[in-house]
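The structure appears below as structure tokens.
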Amino acid sequence: MKKATLGERLRYKFDNTMSRGAIALIGWLGLLSLLVIIVAAALMSLLRVAPDGGDPVTFKEAAWLSLMRTFDAGTMGGDTGWNFRLVSLGVTLGGIFLLSILIGVLTTGIEAKLDQLRKGRSRVIESGHTVILGWSEQVFTIISELAVANANQRHPCIVILGDKDKVEMEDEIRAKAGDTGRTRVVCRSGTPLEPSDLEIVSLPSAKAIIVLSPAEVGDAHDADSHVIKALLAILNSPQRKAGPYHVVAEIRDPRNVDVARMVGCDEVELILTGDLVARIMAQTCRQSGLSVVYTELLDFDGDEIYFQAEPGLAGKTFGEALFAYEDSTVIGLHPAGGLPQLHPRLDTLIQPGDEIIAISADDDTIHLSGRTDFGIDAAAIAPPQARPQRAERTLMLGWNWRAPTVLAELDHYVGPGSSVTVAAEAIAGHVQASGWNGALRQMAVTLVDGDTTDRKLLDSLDIPSFDHVLVVCDNGLDPQQADARTLITLLHLRDIAERSGGSFAIVSEMLDIRNRNLAEITRAEDFIVSDRLISMMLAQVSEHKALNAILADIFDPEGSEIYLRPITGYVNPGVPVNFYTVLEAARQRGEIAIGYRLRRHAHDAAHAYGVVVNPRKSETVTFAADDRIIVVAEE
């Protein structure tokens, strides 16, 4: 092996120094500038060079003159004497050369720093912030909801770690999330699976962490694997904090819930998105307006569910607590040291330290009214009505990965002898690919192959003979394409309804909330914007961990749920009554009244499609015979 020469060694060390970046280059330029100044000053002082008619300059004076000529070429314009001019010219030329290099180095260094900032790799220094790990269309709804929730907070911040360019994320947020008010949104580029990337977003000081399912992964199992890996990276990081995290994560496939729970233990709240949306679709299919109720409860911009300790209710029964608030609606109880309970027994005693669970406009609007006279009109309370189960005919138009779960959930609610017809392109292949065996307990299933936007197919199905029509989106398409196909189907359905005079209820799934306004011209009974509901639930649970248990109970077919029931089973229509009267009528049936729906506003977005949740209890309302009462009850 050839031995390196001294020159090669020096060049190697010089190259290593230069590779350290702009600071090293500036250092070398400083040394060269100093060398030029020292050499010029030495020549002037040793050779006794001086301007014409002037005295020879000292070394210090010569160094100063050289420094000025290095910085400014114009300084030598007034020099006299050729010896002095020649030395000054050499210094000035050296200064021009070095200064030009310095400007270039500084420009390159600034550009490199801007590129580094654009990459979003600098560490976030925040405390009490909410971290969103992952990037999908759900981000915009979550940001909008958290911005409303943080409106009364000091210096709120949301930090997003996504596998996307930082500037692109910021541009999309400005375009789609709208005004975030006081909430700052900070974006960083990286993947939640890399511990080094997680360090960027300061997880130990965050108040909540939201883990999104990757939108680009179509298979539910693969998407869940991504989420579980992210949970492992968060909870097993060497830099994790000593106390517990508050993590909210999406899981699509129910088969992966147990594994996710083993990883997360008590630190992770899981949102089973596939089952959740399927249950909402199944319930809304049979109860028009229910998705509006869910949106109202999950949207921070209206009335939400809050937990609050109320010492003044200690010793009273839960049934008595229902009447304790004018502007809030009690729906549950959180015993001290126990699990939250939705709709406990009405004779349950409230103990000191227990929290009531109530629907209210904000956490600071839950106040005891102190009223003892509620103005209940006992004569207006109608006798209970029997609700026998009957056979129902349901039509599902379209197919997606949630369809088997929707059908299984719908099977929980219908009576024996019911049936469901599923129409979609290549339906047999879709069913086989989903692994669903097509067997249901209450409903007989019929599969029809065809394009749901084809009028001939729709006419052949005898749609007016169905009780409920459910239109689902194809998740394999772009959201705008999927919604466009849904709109075409809905327009055909409206025309069929008008021509036949049929009374079948139409419920449709939408992927993009911006298309709902267009869809309203179809006069469908209800629209389910699935991803938006999931996003709002993630935001709600990130703000209050215990809320997940209540929401899971609401959406579970077992136990208590939300129902829209005919007004005629509670109070007499056409009689002015206050909501205390409605509340008493529901209490007598072992239920909790939380609002009502006025049929005359069913298609009016300005009136929330007729849905009123948590009304002022003393206000008088006159109901029509086709109006509905919204109750929390067991089937």
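Quickly run through the range 174-232 and pick out the residues that are among the polar types (S, T, N, Q), within 24 Å of A433 (Cα to Cα) and touching a residue at least 60 places away in the same chain (Cβ under 8 Å).
S213
In the list R616, R599, which residue meets the criterion of being without any contact (Cβ under 8 Å) to a residue 40 or more places away in the chain and charged (D, E, K, R)?
Of R616, R599, the one residue that is without any contact (Cβ under 8 Å) to a residue 40 or more places away in the chain and charged (D, E, K, R) is R599.
Under the condition of being of a type in the set (G, A, S) and outside any loop (DSSP other than H, G, I, E, B), which residue from the range 418-441 is nearest to L461 (Cα to Cα)?
Among them, the one singled out is A423.
Restricting attention to the range 359-392, which residues are surrounded by 14 or more Cβ atoms within 10 Å (Cβ to Cβ), outside any loop (DSSP other than H, G, I, E, B) and either in the same structural domain as P464 (by TED's automatic domain parsing) or over 41 Å from the mean Cα position of the chain (by Cα) (or both)?
A380, I381
Just to be sure before I move on: is D449 farther than 20 Å from R286 by Cα and surrounded by fewer than 17 Cβ atoms within 10 Å (Cβ to Cβ) in the structure I sent?
Considered against the rule, which asks whether it is farther than 20 Å from R286 by Cα and surrounded by fewer than 17 Cβ atoms within 10 Å (Cβ to Cβ), D449 comes out as yes.
Which residue pairs have Cβ atoms closer than 6 Å, lie 6 or more positions apart in sequence or on different chains, and pair a first residue in the range 452-478 that is within 22 Å of Q287 (Cα to Cα) with a second residue that is of a type in the set (S, T, Y)?
Taking only residues 6 or more apart or on different chains, the pairs are P464/S500; H468/T394; V471/T486; V471/T489; V471/S508; C473/T486.
Quick check on T273: is it among the polar types (S, T, N, Q), out of contact with any His (no Cβ under 6 Å at 6 or more places or on another chain) and over 24 Å from E392 (Cβ atoms)?
Spelling it out, T273 is indeed among the polar types (S, T, N, Q), out of contact with any His (no Cβ under 6 Å at 6 or more places or on another chain) and over 24 Å from E392 (Cβ atoms).
Considering only helices (runs of 4 or more DSSP H) fully contained in the range 160-248, which possess at least 2 residues that are closer than 17 Å to L538 by Cβ and of a type in the set (A, V, I, L, M)?
Hits in the range 160-248: 220-235.
Taking the condition of being closer than 17 Å to I513 by Cβ and loosely packed, with under 15 Cβ neighbours inside 10 Å, how many residues in the range 127-180 meet it?
4
In the range 454-476, how many residues are in a loop (DSSP other than H, G, I, E, B), within 21 Å of E392 (Cβ to Cβ) and of a type outside the set (D, E)?
3
Within the range 299-319, restricting attention to residues that are in a loop (DSSP other than H, G, I, E, B) and over 19 Å from the mean Cα position of the chain (by Cα), which residue is nearest to R587 (Cα to Cα)?
K316
Could you count how many residues in the range 477-514 are of a type in the set (D, E) and part of a strand (DSSP E or B)?
1
Give the residue that is surrounded by the fewest Cβ atoms within 10 Å (Cβ to Cβ), with candidates limited to residues of the range 303-317 that are of a type in the set (A, V, I, L, M) and within 16 Å of D364 (Cβ to Cβ).
That would be A309.
When you look at L368, is it of a type outside the set (V, I, T), over 20 Å from I630 (Cβ atoms) and in contact with a helix residue (DSSP H, G or I) (Cβ under 7 Å, 6 or more places away or on another chain), yes or no?
Yes; evaluated as a whole, the condition is true for this residue.
Kindly evaluate G338 against the criterion of being more than 26 Å from the chain's Cα centre (by Cα) and over 21 Å from D364 (Cβ atoms).
Yes: the conditions hold for G338.
The values are calculated or read from the model by the stated rules, or taken from the named source; none is laboratory data. If you're wondering where the values come from, they're calculated on a predicted model, not measured in any experiment. For neighbour counting, all protein chains shown are included, and Cβ atoms are generated from backbone atoms with ideal geometry for every residue, glycine included.
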